[in-house]
Amino acid sequence: MASPAGRLLTLEGGEGAGKSTQLARLAAFLEGRGIAVERTREPGGTEGAEAIRALLLEGGAERWSPACELLLVCAARRDHLEKRIEPALAAGRWVLCDRYLDSTRVYQGIAGGLGLELVDRLQQELLGFRLPDLTILLDLPVEQGLARRHGQGGASRFERKGTSFHEKVRAGFLELARAEPDRFLLIDAARPVELVAAEIAAKVAARFGLRA
Ligand code: TYD
């Protein structure tokens with residue numbers, strides 16, 4: 001018997017929004033309902049894409065122009081889709097990905113100034129534009145996210161880009177969520193972890209007909 005197709009769920013948001021914590025919580029919730037889950041992240045998720053991730057995140061804020069960043073993240077994403085995401089979905093697994101193509105649309109397209117049209121066209125041509133079944137957007141005021149992050153030390157290239165860049169990132173994600181209200185789940189992430197995790201679990205359960 002052919003296995004049922006899996007689902008692709010992505011988590012998006014600005015710096016320090018708590019995506020990795022919430023991804024782990026959601027994975028545990030789904031596994032508790034007998035679902036086979038594959039946890040991954042972007043840029044990254046395969047050996048080659050993790051090498052590209054290091055190139056992207058290390059160095060000064062101006063090391064790469066937004067166009068170079070776009071080409072690097074697309075190369076990483078293509079490898080990730082070919083070697084990991086598509087095979088997992090075909091095997092009926094649910095893929096939970098920490099950042100995905102909406103990060104590119106926002107960081108390179110909107111905040112980086114390349115424009116959504118170019119980014120979407122490139123992703124469509126090169127990546128088949130596989131859209132997530134659901135995208136969970138963790139929204140948080142910029143100052144709060146950056147403060148959480150600086151508490152953890154070791155800022156990446158993107159964290160060094162300054163507050164006005166990150167304000168554009170936040171506004172960009174909210175714009176994408178408004179444009180596709182059925183695909184996006186907008187979550188207020190400025191609340192305690194437990195509350196955020198419970199809201200995500202309840203809404204994912206309702207969306208996919210799972211036990212709450
Ligand atoms: P990461 O440490 O994963 O950030 P966070 O913990 O906040 O999720 O670093 C990923 C960085 O790469 C993040 O600053 C956003 C950036 N990025 C892009 O600019 N474009 C992309 O397509 C992706 C996937 C990430």
key: Positions within the stretch 110-149 being within 24 Å of residue 8 (Cβ to Cβ), in contact with an Asp or Glu (Cβ under 8 Å, 6 or more places away or on another chain) and modelled with pLDDT under 95, in sequence order   = 129, 130
ask   = In the stretch 22-39, is there at least one residue being within 26 Å of residue 160 (Cα to Cα) and among the basic types (Lys, Arg)?
value = no
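Being within 16 Å of the ligand (Cβ to nearest atom), surrounded by fewer than 19 Cβ atoms within 10 Å (Cβ to Cβ) and part of a helix (DSSP H, G or I): is that true of residue 61 here? I'd like the intermediate steps shown before the answer.
Working: within 16 Å of the ligand (Cβ to nearest atom): yes; surrounded by fewer than 19 Cβ atoms within 10 Å (Cβ to Cβ): yes; part of a helix (DSSP H, G or I): no.
For residue 61, the condition - within 16 Å of the ligand (Cβ to nearest atom), surrounded by fewer than 19 Cβ atoms within 10 Å (Cβ to Cβ) and part of a helix (DSSP H, G or I) - is not met.
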key: Positions within the stretch 1-51 being within 15 Å of the ligand (Cβ to nearest atom) and either at positive phi or of a type in the set (Ser, Thr, Tyr) (or both), in sequence order   = 10, 13, 16, 18, 20, 21, 40, 44, 45, 46
note = By residue number, the members of the stretch 69-93 that are under 17 Å from the mean Cα position of the chain (by Cα) and among the charged types (D, E, K, R) are 69, 77, 78, 79, 84, 86
ask   = What number of residues within the stretch 35-49 are farther than 30 Å from residue 210 by Cβ and either without any contact (Cβ under 8 Å) to a residue 24 or more places away in the chain or in a strand (DSSP E or B) (or both)?
value = 1
inquiry  = Out of 170, 149, 160, 130, I need the residue that is touching a residue at least 60 places away in the same chain (Cβ under 8 Å), more than 16 Å from the chain's Cα centre (by Cα) and closer than 20 Å to residue 41 by Cα. Which one?
reply    = 149
task = For residue 85, indicate whether it is of a type outside the set (S, T, N, Q), assigned to a helix (DSSP H, G or I) and free of Cβ contacts under 8 Å to residues at least 60 places away in the same chain.
result = no
remark   = Taking the stretch 105-134 and keeping residues loosely packed, with under 13 Cβ neighbours inside 10 Å and within 18 Å of residue 182 (Cβ to Cβ) leaves 129
query = Within the stretch 140-155, can one find any residue that is crowded, with 19+ Cβ neighbours inside 10 Å and under 24 Å from residue 65 (Cβ atoms)?
reply = yes
query = Which of (1) more than 19 Å from residue 166 (Cα to Cα); (2) part of a helix (DSSP H, G or I) does residue 56 not meet, given it meets every other one?
reply = (1)
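The values are calculated or read from the model by the stated rules, or taken from the named source; none is laboratory data. Quantities reported herein were computed from a predicted structural model and do not represent experimental measurements. Virtual Cβ from ideal backbone geometry, glycine too; neighbours counted across all protein chains shown.
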